[in-house]
Every structure is written in structure tokens, then in C-alpha cells.
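Notes for the one structure printed next.
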Amino acid sequence: MPNPYEMMRQGMSHDDVLQAAANLSDFDRDNFAASVTTPQLPIIGEYVYTALQSLGVQRVLLVGGLLELFAAPSDEKKSPEIYASMLERLGIKKSRAYEFRAVWRRFGKKLINEPKHAQHFIASALVMLSRDSCPEQAVDEAIKITEQGETVDIAAAKRLIAKHTKKSPKLTPEDDLSGGKKSGSTPRVRNAARSAWQFTGRVISIALKPNSREDRQAIIRDLREAIESLERSALVDARIAKHYGRGA
């Protein structure tokens, strides 16, 4: 009877290992497990880690890549119910699908064409590094880390993001835009001290400090794109809700 622990030590395929494990009785499994020595355990542990880590990354890329492809011909923006139906069939939440597609867009080409890098990423770290808020410099450094054979896990991803994220300027009392009014009051916009542009509304508060006129124009373009993206997202959500009879 094949011993799955010995098969893992020999680096045999996952399918062969699972086939052997599926045909074991609890008694046989316990006997085989008892034969594993202390020096052998790290080898088996590394086999399990490598297998599951690789499958995690492959799953994210597979789901993200195929959904990205499906979203185009299904006309996701005009007919969101078709895309929503696919997610429902798969049992994938819209937010999770968006994360996986973001991973595909940011890392797909690199990890598919150079799969050696994929073995040094944890799936959750890829998700974090693919968020819109993640600086490109953090992604570039993550790739360099994997090129050196080191692993980028969740902790490493957090450090890279924090390292390359510019800190927002601290607000001083004279910079406060609330004017002493309670929330829900009419939003006010003005240039605060030290040329810092700030805005406080009913829901959001923005503090920016452009270094030049060109920076201001870039900020204006980004804000417009953010508003358009938010409006499109709200429209898609409304159409999906209407399709399933929940109302907008």
C-alpha cells in the first residue's frame, strides 16, 4: 500500500499523493504517520507549503484572468446582469472577483511568462499589492525580492506598501475647514495655510499639497476620474439590483 508521506518526501505529484491518501483507512494513515521521523517532518511540511502556496497563486491568476476575458464580450458595463450571473454560478462575491481581476491586470503577464516568480508570492500578498492604493514602487520592489528567491508574504507586502506610500500632511487647527459647523453642513473649499488644498464634505475629507501647478492639474484629472469611476460603479450596482428584483 503506497505511503503518502514517503511519496511527499520523494516529491511525487499532488495527484498521486492524494490518490494514495484517499485509499487509506484511518488505521493505515495513523501507522504511516507514526513512522515519520523528526528530521523528515520539515521535508513533508515544505512539500505541503509549496503545493498549497502554488495552488493559491494559480487559483487567483486563473479566476482573475478568465473573468477578465469573460467581462469583455459579455459587455460588463452595459449588461452587468450577465457578468453577475457568472459570479453567482461560481459563488464568487463581486468584491473578490474585482480583487482577482486586479491581480491579473497587475501581475498576470509577469507571473505567466516568468512562473519562477509565482512560487515566491503568497496569494493574499498579490491581492494587497494589486489594490488601486498600492504604489507602483511597492510592486516593483516586490518583484525584485522574488527575483532574489525570497518570499513576499502578507507581512512583506504590508511593509512595502507602507514604505512607498506618501504620508498625508498633518492638519493644524488653522487648516480645519469645518468652520465649527456640525456634520451635514454645506461643504466648504478653500486654500489653507502653506498652499495646502483641502476639502471637507459630508462624508469625505481630502488633504492635498501639490508642489506645482502641474501637480494640481494631475490631481484634478485624478479626482474627475475617481468620480466617474464611482458613478459607473453605482450604475452597475443599480442595474444588478434591478435585475434581481431588489430595486436600486
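Name the trypsin sites (Lys or Arg not before Pro) in the stretch 88-128 that are in a loop by DSSP and that have at most 16 other C-beta atoms within 10 Å, would you?
Lys93
Of all the C-alpha pairs in the stretch 1-85, what % are more than 16 Å from each other?
That fraction is 65 percent.
According to a simple spin-label model (label point 7 Å from Cα along Cα-to-Cβ), what is the distance in nm between Ile92 and Ile227?
Each label point lies 7 Å from its Cα, and together they span 3.3 nm.
Using a Förster radius of 45 Å, what is the FRET efficiency between Lys166 and Ser85 based on their Cβ-Cβ separation? Nearest 0.05, please.
0.65
What share of all Cα pairs of the stretch 1-142, in percent, falls into each consecutive 10 Å distance bin?
With 10 Å bins starting at 0, P(r) equals 10, 30, 24, 21, 12, 2, 0.
How far apart, in nanometres, would the label points at Lys77 and Glu6 be if each is projected 7 angstrom from Cα along the Cα-to-Cβ direction?
Those two pseudo-labels are separated by 6.1 nm.
What pairs from Lys77/Lys144; Lys144/Lys166; Lys77/Lys109; Lys116/Lys163; Lys116/Lys158 go past 27 Å between their alpha carbons?
Beyond 27 Å between Cα atoms: Lys77/Lys144.
Taken together, the values in this text are just the output of simple stated rules run on the coordinates, not laboratory data. Keep in mind it's a predicted model, so treat the numbers as computed, not measured. Using ideal geometry, Cβ is built from the backbone for each residue, glycine included, and neighbour counts are taken over all protein chains shown.
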